[in-house]
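Shown next, in structure tokens, is the structure this report addresses.
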Amino acid sequence: MFAFTAFRHSVASWICLLLILIVPASSGAQQETQDDAKTPTELEVRRELNRLLEEPTTGVPAAIKYLDSVLDKYPTDSDLYLMAVSLNASHGVQQLSEDQVEAAHVAIRRAESLAKTIVADPKHLLAAEVMFADVFFLAAQTYATDKNSEAMYAAFDQACDLGFDRWSAIPEAKPFSEYLTEPEFQAYLEKQKSLVPGRIAARLKKELETFQSFEFDFNLTSVTGEPVTKSQWHGKVLVVDVWGTWCPPCRVGLPHLVALQETYGPKGVQVVGLNSENDAKVADQAERVKAAIKEFHLNYPCALIDDALLETIPDMEGFPTTLLIDRNGRVRLKMVGAQSESRLKIVVELLLEEASSQQP
């Protein structure tokens, strides 16, 4: 059986995105024409997926079965393909937790196959590459279990090409235990570790260059009573973490943000937490955030936000969402899902270097 714990939170972050990702897209959802009376519109597909996913026990398997039945009718709908990758990978990890190894392999390899289809498109979403990298890594574990070294290395190659950098997860994964004693595998890992940071930097630089910025501002009070306004940090690189204490992947990413603030705070970086909480009473929300601040030793301010502020973030897809704001106050990047510490450091360094190069 896999040691899948390292990826449970990663997959949980995909699940956190599901109900939001399924809501009608601005383009596809407007397409109401049908090829025939039996073909559902894209809007109807999304509504049905929402309905199925609300079922606590049968939701994900039922949604996978339904999505497979309609996916071939919408081969250009990237949202549906992303949903299929996420659902199959999530289901595979769940099956592993229940020792259903054969079924898990089927689901994970289905996710791998769909991810290959998306990645082959030169216009694929760069923002989804973190998820794809994890999917290929999961697939590599299935091949390692089957002693299929050729397929394992091929899946590993694709994971690393997409910026996989969860190196600590490798010794935790039981399928790799035999490979870890082999000099060939050790040399392979060392080579990938040296290459991956450059690949991540290249992708993030491309995202920074092509990202369509949007207006985003906040004028709040932290849960401990201090002002939290965007303008007070003008001239610094802002890392705005939109999260909730109720969200497992949000909590997983908190130590990375603490380390980021500690290392880069003196260099002109400020981390800010904006909390979207579920409690009816604001006082209860604040207490939950205060408890999280204490538990994770957060060294940056956190403030409560409402739905109105969330709605100012275009295509808000899920939690956590990290906004990177440059020294001039422009939103330069939106990163969805828990991010590794190394990925956060790379994008912050790119923004700091960019600012330095612009100075006379």
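The values are calculated or read from the model by the stated rules, or taken from the named source; none is laboratory data. Nothing here was measured: the structure is a model prediction, and the numbers come from that model. Note that each Cβ is placed from the backbone with ideal geometry, even for glycine, and that neighbours are counted across all protein chains shown.
If we scan region 187-206, do we find a residue that is over 22 Å from residue 340 (Cβ atoms) and modelled with pLDDT of 95 or more?
yes
Check 103, 89, 84 and return the single one that is of a type in the set (A, V, I, L, M, F, W, C), more than 19 Å from the chain's Cα centre (by Cα) and on the phi < 0 side of the Ramachandran plot.
On the way: 89 fails: more than 19 Å from the chain's Cα centre (by Cα); 84 fails: more than 19 Å from the chain's Cα centre (by Cα).
Step by step, each of 103, 89, 84 is checked, and only 103 is of a type in the set (A, V, I, L, M, F, W, C), more than 19 Å from the chain's Cα centre (by Cα) and on the phi < 0 side of the Ramachandran plot.
Give the residue that is nearest to residue 123 (Cα to Cα), with candidates limited to residues of region 192-245 that are aromatic (Phe, Trp, Tyr) and touching a helix residue (DSSP H, G or I) at 6+ places or on another chain (Cβ under 8 Å). Spell out how you get there, then give the answer.
Filtering region 192-245 down to residues aromatic (Phe, Trp, Tyr) leaves 211, 214, 216, 218, 233, 243.
Next, only the ones that are touching a helix residue (DSSP H, G or I) at 6+ places or on another chain (Cβ under 8 Å) stay: 216, 218, 243.
Working: 216: 26, 218: 33, 243: 29 Å.
Only one residue fits best here, namely 216.
Can you tell me which residue in region 147-174 is surrounded by the fewest Cβ atoms within 10 Å (Cβ to Cβ), limited to those that are touching a residue at least 40 places away in the same chain (Cβ under 8 Å) and of a type in the set (Asp, Glu)? Steps first, please.
So the first thing to find is which residues in region 147-174 are touching a residue at least 40 places away in the same chain (Cβ under 8 Å), and the list is 155, 158, 162-163, 165-166, 168-169, 172-174.
Of the ones still in play, those that are also of a type in the set (Asp, Glu) are 165, 172.
Values: 165: 21, 172: 15.
Looking at the filtered set, the residue picked out is 172.
Is it the case that some residue within region 269-290 is under 19 Å from residue 215 (Cα atoms), of a type in the set (Gly, Ala, Ser) and touching a strand residue (DSSP E or B) at 6+ places or on another chain (Cβ under 9 Å)?
Yes: one or more hits.
Assigned to a helix (DSSP H, G or I), hydrophobic (A, V, I, L, M, F, W, C) and either surrounded by fewer than 18 Cβ atoms within 10 Å (Cβ to Cβ) or modelled with pLDDT under 95 (or both) - does that describe any residue in region 217-232? Talk me through it step by step, then tell me what you get.
Of all residues in region 217-232, those assigned to a helix (DSSP H, G or I) come to 230-232.
Now restrict to residues that are hydrophobic (A, V, I, L, M, F, W, C): none.
No, region 217-232 contains no residue that is assigned to a helix (DSSP H, G or I), hydrophobic (A, V, I, L, M, F, W, C) and either surrounded by fewer than 18 Cβ atoms within 10 Å (Cβ to Cβ) or modelled with pLDDT under 95 (or both).
Considering only region 54-103, state which residues are assigned to a loop (DSSP other than H, G, I, E, B) and free of Cβ contacts under 8 Å to residues at least 40 places away in the same chain.
Within region 54-103, 54, 55, 56, 57, 58, 72, 73, 75, 76, 98, 100 qualify.
Within region 54-69, how many residues turn out to be out of contact with any His (no Cβ under 8 Å at 6 or more places or on another chain) and either at pLDDT 80 or above or not assigned by TED's automatic domain parsing to the domain that holds residue 83 (or both)?
The initial filter retains those residues of region 54-69 that are out of contact with any His (no Cβ under 8 Å at 6 or more places or on another chain), namely 54-59, 62-63, 65-69.
Of the ones still in play, those that are also either at pLDDT 80 or above or not assigned by TED's automatic domain parsing to the domain that holds residue 83 (or both) are 54-55, 58-59, 62-63, 65-69.
Residues meeting the conditions: 11.
Among the residues of region 233-253 satisfying the criterion of being part of a loop (DSSP other than H, G, I, E, B) and either over 24 Å from residue 350 (Cα atoms) or among the small types (Gly, Ala, Ser) (or both), which is modelled with the lowest pLDDT?
Here is the first cut: in region 233-253, the residues part of a loop (DSSP other than H, G, I, E, B) are 234-236, 244-247.
So of that shortlist, the ones also either over 24 Å from residue 350 (Cα atoms) or among the small types (Gly, Ala, Ser) (or both) come out as 235, 244-247.
Numbers: 235: 94, 244: 93, 245: 94, 246: 90, 247: 87.
Ranking the qualifying residues of region 233-253, first place goes to 247.
Looking at residue 118, is it out of contact with any Asp or Glu (no Cβ under 8 Å at 6 or more places or on another chain), surrounded by 15 or more Cβ atoms within 10 Å (Cβ to Cβ) and closer than 20 Å to residue 157 by Cα?
Working: out of contact with any Asp or Glu (no Cβ under 8 Å at 6 or more places or on another chain): yes; surrounded by 15 or more Cβ atoms within 10 Å (Cβ to Cβ): yes; closer than 20 Å to residue 157 by Cα: yes.
Answer is yes for this residue.
Looking for something polar (S, T, N, Q) and not in a helix (DSSP H, G or I) - is there at least one such residue anywhere in region 200-211?
Let us first name the residues in region 200-211 that are polar (S, T, N, Q), namely 210.
This time we only want the ones that are not in a helix (DSSP H, G or I), so: none.
No, that holds for no residue.
Given the structure, is residue 194 in a helix (DSSP H, G or I), over 20 Å from the mean Cα position of the chain (by Cα), over 22 Å from residue 160 (Cα atoms) and of a type outside the set (Asp, Glu)? Walk me through how you get there before you give the answer.
Values: in a helix (DSSP H, G or I): yes; over 20 Å from the mean Cα position of the chain (by Cα): yes; over 22 Å from residue 160 (Cα atoms): no; of a type outside the set (Asp, Glu): yes.
It is false that residue 194 is in a helix (DSSP H, G or I), over 20 Å from the mean Cα position of the chain (by Cα), over 22 Å from residue 160 (Cα atoms) and of a type outside the set (Asp, Glu).
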